[in-house]
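Just below is one structure, and these are the notes that go with it.
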Amino acid sequence: MADTDEDDLGALANPRDKRSLFRSMAEHFTSVYLTMLSIIQGVALTDLSQITFSEHEHFTAVNWIEVATMLWTLVYVWNHFMGDALMTHWIPDLEDAALLFGTGVFEIVANHAIGWSPTAWLATLAVMFFAWSGGTLYIRRQEELVVREPFLMQLLRARTKPLLLLTLGGGTILGVLAILCGHGNGPIALIAVAIAFTANLLIGVISARFWRRVRRYAHTGHRA
């Protein structure tokens with residue numbers, strides 16, 4: 001009798017067919033994604049805090065702009081991925097892990113580059129932007145496979161172009177600025193990091209505006 005009860009419980013707890021298997025794997029997407037994301041961003045924030053508090057006496061205006069940029073990056077990256085995890089579900093693959101952990105690695109390297117040189121910091125951000133372009137295309141492909149709500153799909157498709165323009169264009173500009181900073185300091189470095197902050201600000205603002213529009217549509221059904 002006990003063996004029969006255990007068999008029944010096992011049948012209920014485990015998928016019975018491939019449709020149940022897919023549903024069981026996909027429905028945990030949000031919790032898995034947000035757990036991974038929160039841990040990674042928490043580590044990056046701790047790292048930024050340690051660098052800031054230990055080196056702040058030697059910081060210049062350039063360094064403080066770099067710190068502000070990294071803090072804002074941590075905020076909008078979490079908000080961006082959080083929105084995606086709540087809107088769409090798919091079965092995570094190696095690319096998802098590479099996207100989340102890769103972002104964390106770039107953030108930590110950029111944190112430490114604050115104490116190295118503007119060139120190193122700008123170059124790190126440039127490579128991160130280019131990597132995000134690939135991540136944007138990967139997420140776009142996954143969305144096409146799983147999203148069924150027509151207006152949400154319309155919004156997601158419309159979001160892709162500005163994000164690609166900002167990540168590819170921003171990465172190119174930051175790469176050029178990194179080279180320029182290698183040949184000079186002072187005003188050049190200050191202008192360069194200010195441009196980097198602006199690029200990150202724009203990406204975060206576009207992502208936040210998109211998420212607010214989705215939330216409003218979910219609450220009210222308004223498409224404006």
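Please treat every number below as a calculation from the coordinates, not as lab data. Since this is a predicted model, take the numbers as computed values, not measurements. Cβ: placed from backbone, ideal geometry, glycine included. Neighbour counts: every protein chain shown.
Please verify whether Gly104 is within 30 Å of Val193 (Cα to Cα) and buried (at least 17 other Cβ atoms within 10 Å of the Cβ), treating the condition exactly as stated.
On the way: within 30 Å of Val193 (Cα to Cα): yes; buried (at least 17 other Cβ atoms within 10 Å of the Cβ): yes.
Against the criterion (within 30 Å of Val193 (Cα to Cα) and buried (at least 17 other Cβ atoms within 10 Å of the Cβ)), Gly104 qualifies.
For beta carbons closer than 9 Å, sequence separation of 6+ or different chains, a first residue in the range 38-57 that is without any contact (Cβ under 8 Å) to a residue 12 or more places away in the chain and under 15 Å from Ala113 (Cβ atoms) and a second that is in a helix (DSSP H, G or I) and polar (S, T, N, Q), the qualifying pairs are Gln50/Asn111. Applying the condition of being surrounded by 13 or more Cβ atoms within 10 Å (Cβ to Cβ) and of a type in the set (Gly, Ala, Ser) to the range 31-71 and asking which residue is farthest from Ile206 (Cα to Cα) yields Ser49.
From Leu86, Leu152, Leu94, Leu74, grab the single residue that is surrounded by 14 or more Cβ atoms within 10 Å (Cβ to Cβ) and free of Cβ contacts under 8 Å to residues at least 40 places away in the same chain.
Working: Leu86 fails: free of Cβ contacts under 8 Å to residues at least 40 places away in the same chain; Leu152 fails: free of Cβ contacts under 8 Å to residues at least 40 places away in the same chain; Leu94 fails: surrounded by 14 or more Cβ atoms within 10 Å (Cβ to Cβ).
Exactly one residue qualifies, and that residue is Leu74.
Residues checked against (1) β-branched (Val, Ile, Thr); (2) over 24 Å from Leu74 (Cβ atoms); (3) part of a helix (DSSP H, G or I); (4) in contact with a strand residue (DSSP E or B) (Cβ under 7 Å, 6 or more places away or on another chain):
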position	(1), (2), (3), (4)
Ala126	no, no, yes, no
Trp132	no, no, yes, no
Leu137	no, no, yes, no
Ala158	no, yes, yes, no
Thr167	yes, no, yes, no
Ile195	yes, no, yes, no
Val205	yes, no, yes, no
Val214	yes, no, yes, no
Arg223	no, yes, no, no
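Checked against (1) crowded, with 18+ Cβ neighbours inside 10 Å; (2) in contact with a Lys or Arg (Cβ under 8 Å, 6 or more places away or on another chain); (3) not small (Gly, Ala, Ser), Arg159 passes all but a single condition, namely (2). Of all residues in the range 73-94, those satisfying the criterion of being assigned to a helix (DSSP H, G or I) and more than 13 Å from the chain's Cα centre (by Cα) are Leu86, Met87, Leu94.
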